[in-house]
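This is the structure I want to talk about, given as structure tokens.
The values are calculated or read from the model by the stated rules, or taken from the named source; none is laboratory data. Keep in mind the model is a prediction, meaning the values are calculated, not measured. Here the Cβ positions follow ideal geometry from the backbone for every residue, glycine too, while neighbour counts run over all protein chains shown. With ligands, DNA and RNA removed, areas are computed over all heavy atoms of the protein, side chains included. Shrake-Rupley method; radii C 1.70, N 1.55, O 1.52, S 1.80 Å.
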Number of protein chains: 2
Amino acid sequence: MGSSALCHYSIKKGAAFLGLGTDSVRVVKADERGKMIPEDLERQICLAKAEGAVPFLVSATSGTTVLGAFDPLEAVADVCQRHGLWLHVDAAWGGSALLSQTHRHLLDGIHRADSVAWNPHKLLAAGLQCSALLLRDTTNLLKHCHGSQASYLFQQDKFYDVALDTGDKVVQCGRRVDCLKLWLMWKAQGGQGLERRVDQAFALARYLVEEMKKREGFELVMEPEFVNVCFWFLPPSLRGEQKSLDYSERLAKVAPVLKERMVKEGSMMIGYQPHGTRGNFFRMIVANPALTQADMRFLLDELERLGQDL
Amino acid sequence: MGSSALCHYSIKKGAAFLGLGTDSVRVVKADERGKMIPEDLERQICLAKAEGAVPFLVSATSGTTVLGAFDPLEAVADVCQRHGLWLHVDAAWGGSALLSQTHRHLLDGIHRADSVAWNPHKLLAAGLQCSALLLRDTTNLLKHCHGSQASYLFQQDKFYDVALDTGDKVVQCGRRVDCLKLWLMWKAQGGQGLERRVDQAFALARYLVEEMKKREGFELVMEPEFVNVCFWFLPPSLRGEQKSLDYSERLAKVAPVLKERMVKEGSMMIGYQPHGTRGNFFRMIVANPALTQADMRFLLDELERLGQDL
């Protein structure tokens, strides 16, 4: 099992849960933008084989949680093909970009995946939870994996084609029909409506970035390629102090204070986190289709107001 | 891992999913009412140990899916105590009986369990999904098991006690706050309101049983001790035919036909299943607090109407 250093933590968690153990997950190097390095993937696969391990799955990420990075799927798929490995794409966050003609190129190569995970409850704002697992396999793989044929629940002597019953394919038993939410939303909004949602999120993220550049209290972690806008707020006391020895330490303490203030005031909620060697920075995600440019300006004004005495 | 022959299929599924394998689940014998036989449990534990296996968990069931049977928890707990085994009680279905002063005796001994699973979305009719796992352990066991300390999601530098954050304890990542539904319902209905719900379900099930006994077309699988009313509908052509050689075979074909008819008419939905050596029988569950005795009579009238030509 190989995955990038910036993959979602659920990959290791899943390996633990399945009894494979977290050590069976090999972490592949990512570049400074958070994208998996295909050359390192191939190196790790060869290394694992040399050690007697049996690699079987590569999990690439389309839209990492913090930076919103897209792994280079074509190159990763080439590696998987050479070594006969299952290619899984965790597109939980970024998969919705496929609905946009303008932005779908971020996922070029996803058609070569053996399995894809996608959460319409993220960028498309379908109600929690709405998760899809798409498989290339057409032999009813999930049934082979999870089917338990409990005769008291999954009766076979019905008057319709029981292949339509999906209950025995899933891990859980009693669960909501999550796909109905997506289906209804799709019917109501149309493909174009969903595309507009995606395009608008990209456009608002871009607007937010441009507005930040006009103000002296904001520093981008990097230019976003997706809708994750990662930035530091620099309070007045830290501006121009970039060269002082304790700058990073002091900067890392800013986001928690601002988060506390915004939560207590009830004005907004923006998550923050450290990441690699970077201290706490905010990660603003624009997914709500009702948001406007005015909301983006409010966000910046509010951070300036809450942090003016720091 | 020991479990009764009538345990929910999720026990075996869970063993498969965790990498233990389904063979590690030893099936303990149940009596004719579906209750685990504690003497057989002890025999199986000794047998497993003699074979070099290391038993570690017994899963008892409070309210089996089909018959609604309650395992004798005091006797099962005695066995677990003697052998130092973890006692899990699957009270997903029957746990709500604890809210009733009249019926809680069905779960006598549950206070000795190490863990209990309970689904308020079943008998209490909380919205799907609402599942609780109750643990005797107070050392934050779920965090030890599932915690992944993903620093980008579970920040520790917050202004409140981060022990209140439950996200890192669970298997999934993004998920709904299911307990809110239960909390709101409890606040709205009160303990007495929930008790009334449980007592009413028992009373309606009892009413249905008594009404069935007055009609010639119905045969109980057994007297229910819970709210599962298991019965066969005997169409006119089968009445008095109990001694014919193909009676069981013909009887087993009745429920699927009636189910098809009720589904197509849209008048009601009652599940059926075979169980052990018993052919297809209906299992009527009265959980909706809005149901009345008139609904129970409608159910019987409708089955008679739909099956009069069979």
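Checking A:Tyr160 against (1) more than 23 Å from A:Ser62 (Cα to Cα); (2) touching a helix residue (DSSP H, G or I) at 6+ places or on another chain (Cβ under 8 Å), only one condition comes out false. Which one?
(2)
I want to confirm something. Restricting to region A:14-26 and keeping residues that are in contact with a helix residue (DSSP H, G or I) (Cβ under 7 Å, 6 or more places away or on another chain) and assigned to a helix (DSSP H, G or I), which single residue is modelled with the highest pLDDT?
A:Ser24
Sort through A:Glu210, A:Glu265, A:Glu219 and tell me the only one that's open to solvent by 30 Å² or more (accessible area, probe 1.4 Å) and within 14 Å of chain B (Cβ to nearest Cβ).
A:Glu265
Please give the number of the condition A:Arg283 fails out of (1) basic (Lys, Arg); (2) under 29 Å from A:Arg104 (Cα atoms); (3) touching a Leu at 6+ places or on another chain (Cβ under 8 Å); (4) within 14 Å of chain B (Cβ to nearest Cβ).
That leaves (3) as the condition not met.
Quick one: in region A:1-13, of everything that is in a loop (DSSP other than H, G, I, E, B) and within 11 Å of chain B (Cβ to nearest Cβ), which residue is modelled with the highest pLDDT?
First, pick out the residues of region A:1-13 that are in a loop (DSSP other than H, G, I, E, B): A:1, A:5-9.
Those left that are additionally within 11 Å of chain B (Cβ to nearest Cβ): A:6-9.
Working: A:Leu6: 54, A:Cys7: 62, A:His8: 63, A:Tyr9: 66.
This residue is A:Tyr9.
In region A:190-230, what count of residues is obtained for those that are touching a residue at least 24 places away in the same chain (Cβ under 8 Å), in contact with a strand residue (DSSP E or B) (Cβ under 9 Å, 6 or more places away or on another chain) and of a type in the set (Asp, Glu)?
2
Any chance you could count how many residues in region B:141-156 are open to solvent by less than 70 Å² (accessible area, probe 1.4 Å) and either part of a loop (DSSP other than H, G, I, E, B) or more than 21 Å from A:Gln172 (Cβ to Cβ) (or both)?
10
Name every residue in region A:245-261 that is more than 11 Å from chain B (Cβ to nearest Cβ) and either surrounded by fewer than 19 Cβ atoms within 10 Å (Cβ to Cβ) or under 29 Å from A:Arg196 (Cα atoms) (or both), in order of residue number.
Listed by number, the residues that qualify are A:Leu245, A:Asp246, A:Tyr247, A:Ser248, A:Glu249, A:Arg250.
Identify, from the list A:Pro224, A:Pro274, the residue that is within 25 Å of A:Arg33 (Cβ to Cβ) and within 14 Å of another protein chain (Cβ to nearest Cβ).
Selected residue: A:Pro274, the only one of A:Pro224, A:Pro274 that is within 25 Å of A:Arg33 (Cβ to Cβ) and within 14 Å of another protein chain (Cβ to nearest Cβ).
Now for a different question. Just to be sure, is B:Glu241 away from chain A (no Cβ under 14 Å) and either assigned to a loop (DSSP other than H, G, I, E, B) or aromatic (Phe, Trp, Tyr) (or both)?
Against the criterion (away from chain A (no Cβ under 14 Å) and either assigned to a loop (DSSP other than H, G, I, E, B) or aromatic (Phe, Trp, Tyr) (or both)), B:Glu241 qualifies.
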